[in-house]
Structures are given as C-alpha cells and as structure tokens.
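Note sheet for the following structure.
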Amino acid sequence: MPTQVSRILCPINLRHAQLAHPAYAEALRLAHWHGAELIVMTVTPEIERNLNIRDSEAFWMDELKRFLKDNPPGDVAVRPVVRKGAAHRQIVKLAVAEKVDLIVMDSANPRIQDYLLGTTASHVASHAPCTVMIVR
C-alpha cells in the first residue's frame with residue numbers, strides 16, 4: 001500500500017446493494033485512518049436492462065446516495081460518482097483521471113461462486129495505475 005494515501009476509490013455494484021459490501025467498510029476504515037477522500041462509484045451499463053429507467057445515470061446516482069445514507073460514512077469525506085459503460089474499464093479510467101492512490105473493491109459478483117476472483121476485480125488489479133485491495 002502506498003505510504004501517502006489521499007484518495008481512495010471504492011466501486012459498488014448497486015445491483016447487489018442488499019448484500020454486505022465488505023470492501024466499502026474496509027475503504028471507510030482506511031479513508032478514516034489516512035484522512036483520505038473516498039470516491040464511491042457505481043457503473044451503469046450503456047443500455048439499461050430496465051426499460052422503466054429513462055435516465056440511468058440519474059437513477060443510479062439516486063441509488064448510490066441512498067446506499068450512502070443507509071451506510072453512513074461518518075467523518076470521511078465521500079464523493080459519489082456514476083459512470084456508464086463496462087465496469088472494469090470505467091473503474092480503471094476513473095482511477096487514472098482522479099489520480100487515485102488505492103482502489104478497494106469486493107472480490108467478485110456474489111452470484112459467481114466458481115471463480116477465485118471475479119473478472120472485474122481481476123481486470124482492475126491487472127490494469128490499475130495504483131494499489132488494488134481485493135476484499136473477500
């Protein structure tokens with residue numbers, strides 16, 4: 001882990017928001033410890049599967065804010081971000097653009113039990129410009 005951590009990125013899959021997000025808890029702990037800003041992001045697909053959602057970015061921003069309200073960050077400065085596209089690419093792009101020092105993310109889609117590491121986590125760990133912590 002880098003010695004100076006000022007910005008942490010924590011991607012959250014809100015389609016699984018009802019499940020525990022151990023990475024979010026760990027990211028909060030680390031952000032508090034380092035006095036770092038925490039960017040909590042979610043990624044929406046290019047084409048929304050739910051046809052009732054007209055503005056997917058606005059819809060998911062509302063969902064992300066609801067998640068943060070239900071899981072308060074305490075004294076940690078949190079910035080919610082929504083991106084559209086492939087999750088693995090958008091996470092890495094945001095990490096580069098925001099000069100993130102650390103990415104803290106869950107290991108896999110909870111529905112995938114056959115893999116040790118999910119494809120998104122694997123891609124991010126291989127391509128991110130910073131330290132990546134994968135939380136099980």
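The values are calculated or read from the model by the stated rules, or taken from the named source; none is laboratory data. Since we're looking at a predicted model, the values are computed, not measured. Methodologically, a virtual Cβ is constructed for each residue, glycine included, from the backbone with ideal geometry; neighbour enumeration extends over all protein chains shown.
Here N109 meets the list (1) surrounded by fewer than 18 Cβ atoms within 10 Å (Cβ to Cβ); (2) at pLDDT 95 or above; (3) within 14 Å of the chain's Cα centre (by Cα) almost entirely, failing just condition (2). Taken together, the criteria exclude V124 from residues that are assigned to a helix (DSSP H, G or I), in contact with a His (Cβ under 9 Å, 6 or more places away or on another chain) and modelled with pLDDT of 95 or more.
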